[in-house]
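Contents: one structure, followed by commentary.
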Amino acid sequence: MARMISRQLRTFPLSALTFIMLALAAPAASAADAPTHTQLAAVRISGERRISFNTNWRFHKGDAQDAEKPDFDDSQWKLLRLPHDWAIEGPFDEKLNPGTGGLPVSGTGWYRKTFLLPQSAQGHIFTIVFDGAMANSTVWLNGEELGGRPYGYSSFFFNLTPHLHFGVEKNVLAVRLAPEPDSSRWYPGAGIYRNVWLDITAPVHVAEWGTYVTTPEVSDQKAIISVKIDVRNQSEQETQIEVRHLVIDAHRELVSKSRAGTVAVSADATRTVPASLTVANPQRWDMDHPYLYTLVSEIVQRGRVIDKYRTTFGIRTIAFERDKGFLLNGKARKLHGVCLHHDLGALGAAVNRRATARELQILKAAGVNAVRTSHNPPSPELLELSDRMGLVVMDEAFDMWHIAKVPNGYSKYFDEWSERDLRDMARRDRNHPSIILWSIGNEIPEQKSADGWKEAKRLTDFFHDEDPTRPTTSAMNEWADAIRNHFADNVDIKGFNYQPMHYEQIMRDHPDWVVYGSETESCVSSRGEYHMPMVAYEKPPSHQVTSYDTVAPFWAYCPDVEFTYQDKLPNVFGEFVWTGFDYIGEPTPYWGDDDNSNNKNDWPARSSYFGFVDLAGFPKDRYYLYQSEWTTKPMVHLLPHWNWKGREGQNIPVMAYTNADEVDLLLNGKSLGRKKRFSDQWEMPVGHNVSESEKFLTKYRLLWQVAYQTGTLKAVAYTDGKPVAEQEIRTAGAPARIKLTADRSIIHADGDDLSYLTVRVEDKDGNLCPLADNLIRFNVTGAGEIAGVDNGNAATTEPFHADYRKAFKGMALLILRSHSEPGTIRVVAHSESLAQAQLIVRTTAAKE
């Protein structure tokens, strides 16, 4: 059986390989961009009709008259590889909007790519697919305008075929982007920041995003796979074809097949062809077992396969019930979710598969099982990785509708483009088993309008039309208005932002509703920063916020509040924390005056403080508070650091977060007493929106007041009287050395893979120096280069693209990117008065 499948998967019009090679063979920007024999062989073996079109682009920042014309001289433009975000290169500028990070996210940018196609390529259809371009894009091929897209988060495509040249005459693809100032409330990036693909097909083929796979019947014995496939005929005559489907399991074994009868597709038309398959003894896609199948759809003409289209899918059921909440495969699952903006820290908005995977891996280790794509359609890579890693997703369409939140936001385009953008999003994404909810919008001002429900219904109807298997939702922050104006009635599942105190009333008044926290907490903190006394809200001149995790803006609250109400109401089926990672822009509380006007005293704050992981990917203390609630593997986390020179004999608040029964705290070997989880409660400071007294009784953290003396602070966690986890913190001496640790010491030599190096400043005994801010320089040689640097400090204008970085709270980050040839990357980190560190990362050819 396996041998038969291998032979079937190789069936592909082999003549396509010739012009695929030529399309890739333009001069490369560097060794990292050059196509390799391995890459070309992968095209042949996989039989894919799609190839990457990311290499050998020319870029110019600024406008350029006549740059769309084929004979325009772009030889002096920068040669680069996509995805590309021009704004992350900086520089930071305090005159620019702090909401978008003080980075140059607006202006004009041009991209051009020149390529050749042989005469033998004629007769095929060429489609260019942009996963996203920020923003207001216009695309030309050989001087002919193809169209554009204002929404930078939308994927879109164009048929290149009518305007292509074959033979020795070159083809020139030109893209102009014109993102406007004040068009976003956070850092959007700028440029062709997502992947670009070239699809090469026969005139009759499966249309882009042309399959729809559902599982209407699932049991342990069998699953019915329902397929609808859009067959596009771009020839000039009606064509007779067959459509057949193969279902391949995770081991590449054939588990089901179907053959439709002969169908006719009219000239220049699209026909939807249904099919049904049965999979015996199916493996369910689940959070704990994210099993994936592949549907291979083949178009057959006169006995020959002329097109092949792959769709990854999962067999699973979802449901939402009043009493049980969210059910996955019939089992109630509480959502431990986070909201994520799309930037990848030092890489900016430029999509990278490894960077996205790392982000999700860090979140999963905290117990996260759900992601909300705030507040826009995500990259395809995030959805593909969520499928493979067992994360469920709320896929969100818009941050605003008609009513503007910023002067040049999506509201300018909503009337003309909202239906197209939403339908394209649904068609692109609807086969992902990870997606469980479609969100029509975030904190939409139309909640407060008497007729805002009409727009909510219109968008919900679009989603129901494209995908009736999933419910819609909206993240509603004006809960009373949304209910009174019937806005909430026109989404299927009711999401409320920052309203845990009202969950019980909402559910009592609406006994048929299913409710969850669509955005929660918004606690702010800086990794490793501790202020005393603990307060509910502060804005100290340091531009750092305490990591005792008590501080939140006026609309928000600390995690303990949400935990309390979620525990009290188990049928509130979960939450999406704002946010999992810090992100560039929105530097609350350092974002000017209360009216959000610019305030120079808040500069250089340029990133959010909301994440429970900082911008560099280093967990903050709050990360472990969520881990203590969302995981079962025994853990204990201790804070703060234990370097308090000048406070000898003074009480230091010491906290422990654990999922064990109790914790014993020891200072220099002497027990300071055991405290029991959920029994030893204390009043923590909170904002007035939670409590008139600005106090809240928490049972989720254990607190000791410890008279400071140097030495070792140790927490030992116990369950059933037995030690199950421990952590200790030692008083560090003077900074003495640098330590480098790579998250992956072997990476792919594909010009895109990354290794993340944690940089620590340690004392002579290997203890982290929690106050160190040494300037560290990096020398990188060999088969890779520096992709970015960071340290998690939300208030610095050091560049992300550099060969140096100051440590923040004793830590920094170096990101390495591979070149395209295998070899070794050698890293030397050095700093004045510190012993240097060296590290080797190997790069290897990707497996075929």
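The values are calculated or read from the model by the stated rules, or taken from the named source; none is laboratory data. The shown structure was predicted, so the numbers you read here are calculated from the model rather than taken from an experiment. A quick note on method: Cβ atoms are made from the backbone with ideal geometry, for glycine too, and the neighbour counts reach across all protein chains shown. Accessible surface areas use protein heavy atoms only, side chains included; no ligands, DNA or RNA. Shrake-Rupley method; radii C 1.70, N 1.55, O 1.52, S 1.80 Å.
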Seminar exercise, completed: Taking a ≥ b ≥ c as the square roots of the eigenvalues of the Cα gyration tensor, with a/c under 1.5 meaning rounded and otherwise prolate when a/b exceeds b/c and oblate if not, segment 663-818 is prolate
Exercise. Charges only on Cβ, +1 for Lys and Arg, -1 for Asp and Glu: so what's the dipole of segment 388-546 about the Cα centre, in debye to the nearest 20?
Worked result: 280 debye
Exercise. What do you reckon, how do Lys405, Lys257, Lys61 stack up by accessible area (1.4 Å probe), largest on top?
Worked result: Lys257, Lys61, Lys405
Exercise. Using a 1.4 angstrom probe and counting only protein chains, how large is the accessible area of Thr631 in Å², to 10?
Worked result: 30 Å²
Problem set entry | Estimated Rh, segment 293-400: Kirkwood, alpha-carbon pairs, angstrom | 16.2 Å
Seminar exercise, completed: Whole-Hz Karplus couplings 3J(HN,Hα) for segment 155-170, θ = phi - 60° and coefficients 6.51, -1.76, 1.60, Gly and Pro as x, run 7, 7, 8, 9, 7, 8, 3, x, 10, 7, 9, 10, x, 8, 7, 6
For this session: Provide His486, His245, His336 ordered by accessible surface of protein heavy atoms (probe 1.4 Å), highest first.
Result: His486, His336, His245
Exercise. So which lysines pass the test for Lys95, namely a Cα distance under 18 Å, with those fewer than 8 places away in the same chain ruled out?
Worked result: Lys600
For this session: Scale the Cα Rg of the chain by the rule-of-thumb value 2.2 N^0.38 Å and send over the ratio, two decimals.
Result: 0.97
Problem set entry | Loop chymotrypsin sites (Phe, Trp or Tyr not before Pro), segment 739-848 (other Cβ atoms within 10 Å of the site Cβ: 15 or fewer; DSSP) | none
For this session: Measure out, as a whole number of angstrom, how far apart the alpha-carbon centroids of segment 321-382 and segment 184-231 sit.
Result: 19 Å
For this session: Go through Ile306, Trp682, Leu639 and say which Cα lies farthest out towards the positive end of the charge dipole of the chain; charges sit on Cβ, +1 for Lys and Arg, -1 for Asp and Glu.
Result: Ile306
Seminar exercise, completed: Filtered hits (lysines, Cα-Cα < 21 Å from Lys308, offset >= 8 within chain) -> Lys228, Lys257
Seminar exercise, completed: In terms of the charge dipole of the chain, which places +1 on Lys and Arg and -1 on Asp and Glu at the beta carbon, the residue among Ser434, Ser745, Ser120 farthest towards the positive end is Ser745
Seminar exercise, completed: Taking Cα atoms, the helix 15-24 axis meets the longest principal axis of the chain at an angle in degrees (rounded to 10) of 50 degrees
Problem set entry | Label-point gap, in nm, between Asp323 and Lys95 - each point 7 angstrom along Cα→Cβ | 6.5 nm
Seminar exercise, completed: Per the 1/(1 + (r/R0)^6) rule, R0 = 45 Å and r from the Cβ atoms of Glu694 and Gln838, FRET efficiency to 0.05 is 0.30
For this session: Please list, in chain and number order, the residues 5+ apart from Ile652 or on another chain whose amide H is under 5 Å from its amide H, with Hs placed from the backbone.
Result: Val706, Ala707, Tyr708
For this session: Using only Cα atoms, locate the centre of segment 73-108 and the centre of segment 522-558, then give the distance between them in Å, rounded to an integer.
Result: 32 Å
Exercise. Taking only DSSP H segments of four or more residues, each worth -39500 (n - 2.57), what value at 222 nm results for the chain once the sum is divided by all its residues, to the nearest 500 deg cm²/dmol?
Worked result: -4000 deg cm²/dmol
Seminar exercise, completed: Over 22 Å (Cα to Cα) among Lys494/Lys568; Lys222/Lys364; Lys670/Lys722; Lys539/Lys695; Lys448/Lys695 -> Lys222/Lys364; Lys448/Lys695
Exercise. Across segment 362-369, in residue order, what do the Karplus-derived ³J(HN,Hα) couplings come to in whole Hz, using 6.51 cos²θ - 1.76 cosθ + 1.60 with θ = phi - 60° and x for Gly and Pro?
Worked result: 4, 5, 4, 5, 8, x, 5, 10
Exercise. Carbon and sulfur: what percent of the chain's accessible surface (1.4 Å probe)?
Worked result: 48 percent
Exercise. Non-local amide H neighbours of Leu775 (under 5 Å, H modeled in plane, Pro and chain starts lacking H): which ones?
Worked result: Ala807
Problem set entry | Inter-part distance where segment 716-754 and segment 434-513 are each reduced to a Cα centre, Å | 42 Å
Exercise. By its C-alpha gyration tensor, with a ≥ b ≥ c as the square roots of the eigenvalues, how is segment 110-166 shaped: rounded for a/c under 1.5, else prolate for a/b larger than b/c, else oblate?
Worked result: prolate
For this session: At q = 0.15, 0.19 Å⁻¹, what is the base-10 log of I(q)/I(0) for segment 380-492 according to the Debye formula with one equal point scatterer per Cα and no solvent? Please give it to two decimals.
Result: -0.64, -0.98
For this session: Could you tell me the accessible area of Ser693 in Å² (1.4 Å probe, neighbours in place), rounded to the nearest ten?
Result: 80 Å²
Exercise. Hey, rough spin-label estimate for Gln237 and Ser745, points 7 angstrom out along Cα→Cβ, what's it come to in nanometres?
Worked result: 6.4 nm
For this session: Subtract the Cα-Cα distance of His801 and Arg244 from 0.36 nm times their separation in residues, and report this length gain in nm to one decimal.
Result: 195.6 nm
Exercise. R0 = 45 Å: FRET efficiency of Thr781 with Met532, Cβ-based, nearest 0.05?
Worked result: 0.50
For this session: Can you tell me the dipole magnitude for segment 659-730 around its Cα centre, using point charges on the Cβ only (Lys, Arg +1; Asp, Glu -1), in Debye to the nearest 20?
Result: 200 debye
For this session: Quick one: grab the alpha carbon gyration tensor of segment 185-224, order the square roots of its eigenvalues as a ≥ b ≥ c, and give me rounded if a/c is under 1.5, else prolate or oblate depending on whether a/b is larger than b/c.
Result: oblate
Problem set entry | Backbone HN-Hα couplings from phi across segment 316-331 [Karplus 6.51/-1.76/1.60, Hz, Gly and Pro as x] | 6, 10, 10, 7, 10, 10, 4, 8, 10, x, 8, 10, 10, 6, x, 10
Exercise. Ignoring ligands, DNA and RNA, how do Thr469, Thr55 rank by accessible area with a 1.4 Å probe, largest first?
Worked result: Thr469, Thr55
Seminar exercise, completed: Any residue on another chain or 5+ positions along whose placed amide H is under 5 Å from the amide H of Asp85 is listed here as Ala350
Exercise. Nearest 20 debye, what's the magnitude of the dipole of the chain about its Cα centre given +1 on Lys and Arg Cβ and -1 on Asp and Glu Cβ?
Worked result: 2720 debye
Exercise. If you take the Cα Rg of segment 166-262 and divide it by 2.2 N^0.38 Å, with N the number of residues, what do you get?
Worked result: 1.68
Seminar exercise, completed: Looking only at lysines whose Cα falls under 22 Å of Lys78's and that sit 8 or more positions away or on another chain, we get Lys61, Lys69, Lys113, Lys170
Seminar exercise, completed: Sorted on mean Cβ neighbours within 10 Å (highest first), peptides 643-650, 736-743 come out as 736-743, 643-650
Seminar exercise, completed: In nm, the gap between the two label points placed 7 Å beyond Cα toward Cβ at Lys670 and Thr469 is 6.4 nm
Problem set entry | Evaluated at q = 0.16 Å⁻¹: base-10 log I(q)/I(0), Debye formula over Cα of segment 757-848 | -0.66
For this session: Would you work out which of Phe778, Leu839, Pro799 lies farthest towards the positive end of the dipole of segment 764-841? Charges go on Cβ: Lys and Arg +1, Asp and Glu -1.
Result: Leu839
Seminar exercise, completed: With every protein chain in place, the accessible area of Cys523 for a 1.4 Å probe, in Å² rounded to the nearest 10, comes to 0 Å²
Exercise. Expressed as a rounded percentage, what relative contact order does the chain have, with Cα pairs under 8 Å and six or more residues apart?
Worked result: 9 percent
Problem set entry | Listed peptides 677-685, 65-73 by packing density, highest first (mean Cβ within 10 Å) | 677-685, 65-73
Problem set entry | Calculated FRET value between Ala450 and Ser75, using beta carbons and R₀ = 60 Å, to 0.05 | 0.55
Exercise. Roughly how many Å² is the accessible area per residue of the chain, as a whole number, for a 1.4 Å probe?
Worked result: 38 Å²
